[in-house]
Amino acid sequence: MRVAIGVAGGIAAYKAAELVRVLQERELDVQVVMTRAAREFVTPLTFAALSGHKVITEMFGGPGAEPNLESAIEHIAVAQAIDALVIAPATANVLAKIAHGEADDFLTTLCLATKAPIVLAPAMNINMWENSATQENLKTLRERGFRIVEPGEGHLACGMTGPGRLAEVEDIARAIFDVLELKNDLAGETVLVTAGPTEEPLDAVRFLSNRSSGRMGYALAKASRDRGARVILVSGPAAIEPPAGVTLERVGTAEEMARAVFHHLDASTIVLMAAAVADFRPAEVRSQKIKKQTVARSLELVPTIDILAEVSRRRRGQLLVGFAAETENLMENARAKLEAKGLDLVVANDLTEAGAGFGSETNIVTLVFPGGRAEKLEKMDKLDAARRILDEVVRMKKLPSPAMSTSWARGESR
């Protein structure tokens, strides 16, 4: 989705740079538009470097620019391309011009030309804010459907104290997410996600692993971040670019993954265990490459740590979701895992189904709940599947957890 940020001429203009970063963390494409006065406070180069786009500062390309069709209709092109427009800071002058339908620069022209929702974050001197003209303009804008993010109170740049300072960047971002209808229902939660395979060394060059790509776990991390959560992603080896704005810890073996998960467990409120952890490792790891002519006829394996079971034992109120990738008896195995490990939800998928499982861009999952209920989802992109899983997580966070209650009653949580 694309958002235009209009920056007007006020001392709070520098805070718009932080707003660009926050929106980009949600993978929104940001186009910055600056008034002439705004350039007295922050240079366009700052926003160009942050957004990756040319900053629009003038109608028709500005003084000295060669006239062309692109610059002549740029305000219309931007107006049609954006999903939302936010002006932060919105000065008293800009508010007045918008309220009266004036269009004497790119930003005010954009306001008239776009049908996208518009968010205004006013910032100004306290006397300007309380002036009856400003308040009348704000009333008009509210009645027309503009979203106003009320300014905060405190010490102002002019030396006065009171209302008029720009709202917190997080509050402005939240208003933008609301008008874009982006869910923010995991705000305040810390989601711990595991992803990818583990690699269990055999010798200096070989290891035991599986075919997990990590896509499902990375999709869960991205979807959690998109809904406002702080996300910690513990990932085994995966050739995937991690989502921006998440805390990434890379691991190799099951033992390393266990240490990382236990380290972050107490800070988390939701745990999504999507990693395909190796169940076994070689009993002996050779420091040198094993030669073909000297290899033994059999390989001794020992079990790795059961991270999911140990997390269930250690957790203190976290909602815990496990994953079951099976090639046979899908529902029986999924329900057995749910019960044996005291989980709140199991996401099961049949690796033999076309379009499901390791390496696929899509997945076909069945959500298995305590009490026997199960819901099979249609084939969908893994990010869409992650969103559906989180829909259930959000719903379950609002309800008492049978699995957690049972584990506490058994004394399995410390």
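Values computed for the structure shown
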| item | result |
| --- | --- |
| Residue in segment 380-397 that is part of a loop (DSSP other than H, G, I, E, B) and either in the same structural domain as residue 326 (by TED's automatic domain parsing) or small (Gly, Ala, Ser) (or both) present | no |
| Filtered residue count, segment 257-297, keeping only those that are out of contact with any helix residue (DSSP H, G or I) (no Cβ under 9 Å at 6 or more places or on another chain), of a type outside the set (Gly, Ala, Ser) and free of Cβ contacts under 8 Å to residues at least 40 places away in the same chain | 9 |
| 1 or more residues at pLDDT 95 or above and among the acidic types (Asp, Glu): qualifying strands (runs of 3 or more DSSP E) within segment 242-293 | 247-250 |
| Residues of segment 224-241 satisfying the condition of being in a loop (DSSP other than H, G, I, E, B) and either farther than 24 Å from residue 211 by Cα or acidic (Asp, Glu) (or both) | 227, 228, 229, 241 |
| Single condition residue 239 does not satisfy, out of (1) surrounded by 16 or more Cβ atoms within 10 Å (Cβ to Cβ); (2) closer than 21 Å to residue 386 by Cα | (1) |
| Close pairs (8 angstrom Cβ cut-off, 6 or more residues apart or separate chains): of a type in the set (Asp, Glu) in segment 332-358, assigned to a strand (DSSP E or B) and buried (at least 17 other Cβ atoms within 10 Å of the Cβ) anywhere | 344/319; 344/320; 344/321; 350/326 |
| Residue count for segment 174-210, restricted to those that are crowded, with 20+ Cβ neighbours inside 10 Å, more than 22 Å from residue 235 (Cα to Cα) and touching a Phe, Trp or Tyr at 6+ places or on another chain (Cβ under 7 Å) | 0 |
| Residue satisfying condition, being at pLDDT 95 or above and closer than 26 Å to residue 174 by Cα, within set 19, 28, 23 | 19 |
| Of residues in segment 158-173 being out of contact with any strand residue (DSSP E or B) (no Cβ under 8 Å at 6 or more places or on another chain) and surrounded by fewer than 18 Cβ atoms within 10 Å (Cβ to Cβ), the one modelled with the highest pLDDT | 171 |
| Which listed residue, of 221, 187, is aliphatic (A, V, I, L, M) and either assigned to a loop (DSSP other than H, G, I, E, B) or touching a Cys at 6+ places or on another chain (Cβ under 8 Å) (or both) | 187 |
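Here is a yes/no grid of residues against (1) assigned by TED's automatic domain parsing to the domain that holds residue 6; (2) assigned to a loop (DSSP other than H, G, I, E, B); (3) over 20 Å from residue 58 (Cβ atoms):
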residue	(1), (2), (3)
87	yes, no, no
109	yes, no, no
112	yes, no, no
115	yes, yes, yes
128	yes, no, yes
134	yes, no, yes
139	yes, no, yes
145	yes, yes, yes
154	yes, no, yes
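Per-residue answers, yes or no, for (1) within 25 Å of the chain's Cα centre (by Cα); (2) crowded, with 21+ Cβ neighbours inside 10 Å; (3) more than 22 Å from residue 193 (Cβ to Cβ):
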position: 303; (1), (2), (3): no, no, yes
position: 312; (1), (2), (3): no, yes, no
position: 324; (1), (2), (3): yes, yes, no
position: 349; (1), (2), (3): yes, yes, no
position: 362; (1), (2), (3): yes, no, no
position: 366; (1), (2), (3): yes, no, no
position: 376; (1), (2), (3): no, no, yes
position: 389; (1), (2), (3): yes, yes, no
position: 396; (1), (2), (3): yes, no, no
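The values are calculated or read from the model by the stated rules, or taken from the named source; none is laboratory data. What you see is a predicted model; the values in this text were computed from it and never measured. All Cβ positions, glycine included, derive from the backbone under ideal geometry; neighbour counts span all protein chains shown.
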